[in-house]
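To keep things clear, I will list the structure first and then write my remarks on it.
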Amino acid sequence: MRNRSRSRFVWRRRVLAGVILIAVLMAGYFLWFRDSSLVAVDEVEVEGATANQDQIDAALTQASDGMTTLNVDEEALARSVSGFPTVASIGVDASPPGKLTVTVSERLPVAQVKVDGESAAVSADGYVLPGFETEGSKLPPLDEDAGVDAGLLNAEGAAQAAAVGGAPEELRERITAAEWDPERGGVVISLEGAPELRFGDGERSDVKWEAVVSVLARIEGAPAYVDVSVPDRAVSGG
């Protein structure tokens, strides 16, 4: 009985050792294979980029050099396009053996501003967006208080852009201008066929636009302005 028990013990140890050896070999094989030229990235497809597309394609292709579809450095890819203000974020999908699909989420233009005498598109979060065409567009202009420093709008300009950016699609094309006027509470938006709209700052702009829609639907007479700086207590007057 003692010999039989000892034999079982030895047999179990051998099985365990074999399992461990197989696991180590498989792990080593995977570590080798994931960096193997057999799964090297040889094609990068970029989707979603409408501005600066050629430059973004080139940057991502260069950044992917040396990667494989089993070992993708997404942070390196994101860094490669971080210098493009139009790129808000990217998503990466690897398809072995060699294809990467990179989906770009763009910052979209909501208004335009003068930069060194030239019109430039700006996003709702205050980025100047080189690469987007403004000529012939319906992007509303921001006023001269909307300054630009290092590719970003100043506080007054950012508030205007945020207020414009929160507009629902059906009203955005009716916006003709935005301006900053402290005497009228901050951001003032001109909307075709409506009183002037006073937004205060650019915070909660989507909620403020909901208040605008509600007030315009039940407004009586022809008030000079609608003030939604406190959207829960929107008022009209003048």
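Read-outs: derived from the displayed coordinates by stated rules, not from any lab. This is a predicted model, so every value here is computed, not measured. Neighbour counts are summed over all protein chains in view; Cβ atoms, including those assigned to glycine, are modelled from backbone coordinates with ideal geometry.
Brief remarks on what is shown
- Each helix, a run of at least 4 DSSP H residues, gives -39500 (n - 2.57); summed and divided by the residues of the chain, these come to -10500 deg cm²/dmol at 222 nm.
- Between L77, L100, L216, the GNM of the chain built on Cα springs shorter than 10 angstrom shows L216 fluctuating the most.
- Derived scalar couplings ³J(HN,Hα) [the range 146-151; Karplus, 6.51 cos²θ - 1.76 cosθ + 1.60; whole Hz; x for Gly, Pro]: 7, x, 10, 9, 6, x
- Amide hydrogen neighbours beyond the local backbone of R107, cut-off 5 Å, H modeled: V87, A88
- Relative contact order, whole percent, for the chain stands at 11, derived from Cα pairs under 8 Å and 6 or more residues apart.
- Across the range 48-53, computed HN-Hα scalar couplings (Karplus, 6.51 cos²θ - 1.76 cosθ + 1.60, θ = phi - 60°) run x, 8, 10, 10, 6, 4 Hz from first to last residue, x flagging Gly and Pro.
- Gain upon complete extension [R233, A76; 0.36 nm per residue less C-alpha separation]: 51.8 nm
- Loop sites in the range 81-178: trypsin sites (Lys or Arg not before Pro), DSSP, at most 12 other Cβ within 10 Å: K138
- For the range 109-237, the equivalent ellipsoid derived from the Cα gyration tensor has semi-axes of 25, 14, 12 Å, listed largest first.
- Cross-link reach is defined here as a Cα-Cα straight distance under 19 Å, omitting same-chain residues fewer than 8 places apart; for K114 the lysines meeting it are K138.
- Residue by residue, the range 101-113 carries 3J(HN,Hα) couplings of 10, 10, 9, 9, 9, 9, 7, 9, x, 10, 7, 9, 9 Hz when phi is fed to the Karplus relation 6.51 cos²θ - 1.76 cosθ + 1.60 (θ = phi - 60°); x denotes Gly or Pro.
- Qualifying GluC sites (Glu not before Pro) for the range 168-238 [loop in DSSP, other Cβ within 10 Å: at most 10]: E192, E220
- Between helix 155-165 and the chain: long-axis angle, C-alpha atoms, 0 to 90°, nearest 10: 80 degrees
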